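What follows draws every value from the coordinates through simple rules; no lab data is involved. Quick caveat, the model's predicted, so the values are computed rather than measured. Positions of Cβ are backbone-derived with ideal geometry, glycine not excepted, and every protein chain shown enters the neighbour counts.
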Amino acid sequence: MPIPSDIPFTPETITVRSVHAFDAACILAALWALVKVLRAARWRMKTTQLRGPPRTSVIYGISKDLMASTNSGAMYECLAEEYGVVYKIPTVLGRSEIVLCDPKTIAHFYARETWTYVHTPLSLTVLNGLRGAIGSG
């Protein structure tokens with residue numbers, strides 16, 4: 001019986017397996033995951049890493065502690081004293097939120113942030129109509 005190294009390399013000896021839909025889906029999923037990991041690594045290298053409290057729960061972060069607290073505002077103040085006026089808190093499912101406690105920082109953020117306070121002409125018309133209906137009622 002011939003071993004694979006004894007068989008000469010010719011086009012007839014090459015067998016090519018066709019790519020099935022599952023194989024293509026696995027390849028695309030692997031490429032998507034690689035792109036996500038590379039983007040996250042690049043983002044971490046380009047941004048300032050903020051200090052913040054450690055995660056107390058793998059699933060909930062510190063959100064469960066904040067919800068269970070009778071005075072969550074005092075918790076935020078304690079965190080601001082410990083980590084500074086801008087810090088990051090871990091939230092649900094590995095996400096995080098940035099907390100701003102300085103009025104100048106908040107004003108600077110909203111001066112540069114363009115999604116929250118932008119109103120279309122239609123939304124302005126609706127809001128003015130609601131304001132007029134509420135004011136006259």
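In terms of overall dimensions, region 73-126 has a Cα radius of gyration and Dmax of 15.2, 45 angstrom.
If the segment from R95 to L130 were pulled out straight at 0.36 nm per residue, it would be longer than the present Cα-Cα gap by 9.0 nm. Look at V35, V85 and count the other Cβ atoms within 10 Å of each Cβ; fewest to most, that gives V35, V85.
At a threshold of 8 angstrom on Cα-Cα distance, excluding pairs fewer than six apart, so keeping six or more, what relative contact order does region 73-126 reach in percent?
For region 73-126, the relative contact order is 21 percent.
Here the calculated FRET efficiency for K88 and T10, from their Cβ-Cβ distance with R0 = 35 Å, stands at 0.05, rounded to the nearest 0.05. Label-to-label distance, K46 versus C78, with points set 7 angstrom from Cα along the beta-carbon direction: 3.7 nm. Applying 1/(1 + (r/R0)^6) with R0 = 41 Å to the Cβ-Cβ distance of E113 and H20 gives a FRET efficiency near 0.30.
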